[in-house]
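Engineer: What follows is a structure written as structure tokens; I'll ask about it next.
The values are calculated or read from the model by the stated rules, or taken from the named source; none is laboratory data. Computed from a prediction, not measured in an experiment: that's the story for all the values here. Please note: Cβ atoms are built from the backbone with ideal geometry, for glycine as well, and neighbour counts cover all protein chains shown. In case anyone asks, the SASA skips ligands and DNA or RNA and just uses the protein heavy atoms, side chains included. Shrake-Rupley method; radii C 1.70, N 1.55, O 1.52, S 1.80 Å.
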Amino acid sequence: GKYVVVKKDSCIACGSCGASAPDIFDFDDDGLAEVTYEGDNNRGVTLIAADLEEDLQDAVDSCPTSCIKTSAKAFA
Ligand code: F3S
């Protein structure tokens, strides 16, 4: 399993992540992407379910600024 966060400093709000993985990403009030999965609130502390890992990888691969970071360990 993986944990994920969006480094918002680099997000250009292109929307690819939400299109690839709508169960994981959504936009915040500023129009930037964040991890909304299971109430994670972009903390990177919620293990993404195995059945969403393909969507997650698609999102990572689709982000033009590479600002979606994944890890085998929780971020905080
Ligand atoms: Fe932002 Fe990358 Fe998603 S630019 S909107 S995090 S695909």
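Engineer: Name the trypsin sites (Lys or Arg not before Pro) in the chain that are in a loop by DSSP and that have at most 12 other C-beta atoms within 10 Å, would you?
Structural biologist: On the way: sites: 2, 7, 8, 43, 69, 73; in loops: 2, 7, 43, 73.
Counting only loop positions with at most 12 other Cβ atoms within 10 Å, the trypsin sites (Lys or Arg not before Pro) in the chain are 73.
Engineer: Moving on. Would you mind calculating the relative contact order of the chain from Cα pairs under 8 angstrom and at least 6 residues apart, reporting the percent as a whole number?
Structural biologist: The normalised contact order for the chain reaches 47 percent.
Engineer: Given a 1.4 angstrom probe, I'd like the percentage of the accessible area of the range 3-71 that is carbon and sulfur, rounded to a whole number. Working shown, then result.
Structural biologist: Numbers: 1520 of 3690 Å².
The computed percentage sits at 41.
Engineer: At what distance in nm do the modelled label points of residue 74 and residue 50 sit from each other, each positioned 7 Å from its Cα along Cα→Cβ?
Structural biologist: Here the answer is 2.1 nm between the modelled labels.
Engineer: At 1.4 Å probe size, with every protein chain present, just tell me what the per residue accessible area of the chain comes to in Å². Spell out each step's value before the answer.
Structural biologist: Values: 4290 Å² over 76 residues.
Heavy-atom accessible area per residue stands at 56 Å².
Engineer: Equivalent ellipsoid semi-axes for the chain, as square roots of 5 times the alpha carbon gyration tensor eigenvalues: give them largest first, rounded to whole Å. Show your work: numbers first, answer last.
Structural biologist: Details: eigenvalues 56, 34, 25 Å².
The equivalent ellipsoid of the chain has semi-axes of 17, 13, 11 Å.
Engineer: DSSP loop GluC sites (Glu not before Pro) in the range 27-76 with at most 16 other Cβ atoms within 10 Å of their Cβ, which ones?
Structural biologist: none
Engineer: I would also like to ask the following. State to the nearest 20 debye the size of the charge dipole of the chain about its Cα centre, where the only charges are +1 on K and R beta carbons and -1 on D and E beta carbons.
Structural biologist: Charge dipole, the chain, about its Cα centre: 420 debye, nearest 20.
Engineer: Still on this structure, please answer the following. If a paramagnetic tag sat 7 Å from the Cα of residue 58 along the Cα-Cβ line, which residues of the range 5-47 would have the backbone N under 18 Å from that point?
Structural biologist: Backbone N within reach: 14-27, 34-37.
Engineer: For helix 53-62, report the angle its Cα long axis makes with the longest principal axis of the Cα atoms of the chain; keep it between 0 and 90° and round to the nearest 10°.
Structural biologist: Once rounded, one gets 30 degrees.
Engineer: Report the extension gain between residue 2 and residue 28 in nm, rounded to one decimal, defined as 0.36 nm multiplied by the number of residues separating them, less their alpha carbon distance.
Structural biologist: 7.2 nm
Engineer: Return the calculated 222 nm mean residue ellipticity for the chain, to the nearest 500 deg cm²/dmol, obtained by summing -39500 (n - 2.57) across DSSP H runs with n ≥ 4 and dividing by the residue count.
Structural biologist: After summing the helix terms and dividing by the residues of the chain, the value is -5000 deg cm²/dmol.
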